[in-house]
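Read the structure below first, then the notes.
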Amino acid sequence: MIQLLAGKEDLPLHELAAHFRMGRTGVSKHLGILKEAGLVKDRKVGRETRYRLDAAPLKEVRDWVAHYSDYWSANMMRLGELLEEEDEE
Amino acid sequence: MSLSLNMDFQFESTVERLWSALTDSRKLAKWIADNDFKPVVGHRFQFRHQPTEFWDGIVNSEVLAVEEPRLLSFSWEVGEEKHTVTLTVDDLGNGKVHLRLEQTGLSNKAALAGAEYGWKAWAGKLERVLAEQDAAG
């Protein structure tokens, strides 16, 4: 679903539903969950609702992992130094 | 949504020395943060990092597994975030040891709450500490 939306500006429900074996209700429910998670935004255009991806929260998740990655890398440098010091003793 | 982090490191050391650096509270303080760790399953302890404007620096933890000298696992709790950190030691021979770090259970909640900035500040501090240590020799 996210992949489908990633390549497009926005898409209406029936176009999204065409890609899935589940019915429109299922797709709509799925979109509802993504919307709740802040990953999908919707807007009304006439009678149809169009959906688009908001990737910012996904990027923040990646950053969160990146912060830990930096944190442990820095720590491991200190661990390496500690092990070297011991070697010299 | 839950993510995990896997990192691999290699040191020129022995399994015994690396295990000691992972499980001796004084040594942990030198490469992670001040702590009251004990290698006893069920022991609750804290890592106390330098506080920042955004974070008190405290990680609440509980020892989950101790399999000397190969595996150490503890919880890693900061605010709403509850992660598990697992460290695994492997002997590579020729005086080399491998350390695998696995951190699981990372969610996007804390990042959304703006904690990102706290981590950035923290990472900056760490770099300074490292630089100071280098300067001090």
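The values are calculated or read from the model by the stated rules, or taken from the named source; none is laboratory data. Since the model is a prediction, treat every value here as computed from it, not as a measurement. Using ideal geometry, Cβ is built from the backbone for each residue, glycine included, and neighbour counts are taken over all protein chains shown.
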- [ ] Residues being more than 14 Å from every other protein chain (Cβ to nearest Cβ) and buried (at least 18 other Cβ atoms within 10 Å of the Cβ): count how many of those fall in the range B:46-68.
- [x] 3
Open item on the list: Against the conditions (1) assigned to a loop (DSSP other than H, G, I, E, B); (2) touching a residue at least 12 places away in the same chain (Cβ under 8 Å), where does residue B:56 fall short? Just the number, please.
Closed with: (2)
Task: Single unsatisfied condition, residue B:100 versus (1) touching a residue at least 40 places away in the same chain (Cβ under 8 Å); (2) assigned to a strand (DSSP E or B); (3) more than 12 Å from the chain's Cα centre (by Cα) - done: (3)
Task: Candidate set from the range B:1-44 (those that are more than 10 Å from chain A (Cβ to nearest Cβ) and surrounded by 18 or more Cβ atoms within 10 Å (Cβ to Cβ)); member that is nearest to residue A:81 (Cα to Cα) - done: B:19
Task: Subset of the range A:1-56 [part of a loop (DSSP other than H, G, I, E, B) and modelled with pLDDT of 85 or more] - done: A:10, A:18, A:46, A:47
- [ ] Kindly provide the set of residues from the range A:72-89 that are modelled with pLDDT of 90 or more and within 7 Å of chain B (Cβ to nearest Cβ), ordered by number.
- [x] A:72, A:74, A:75, A:76, A:77, A:78, A:79, A:80, A:82, A:83
TODO: Tally the residues that are part of a loop (DSSP other than H, G, I, E, B), among the aromatic types (Phe, Trp, Tyr) and closer than 18 Å to residue A:74 by Cα, restricting the search to the range B:19-38.
DONE: 0
Open item on the list: Take residue B:81 and tell me if it is under 30 Å from residue A:35 (Cα atoms), more than 14 Å from the chain's Cα centre (by Cα) and either at pLDDT 95 or above or of a type in the set (Asp, Glu) (or both).
Closed with: yes
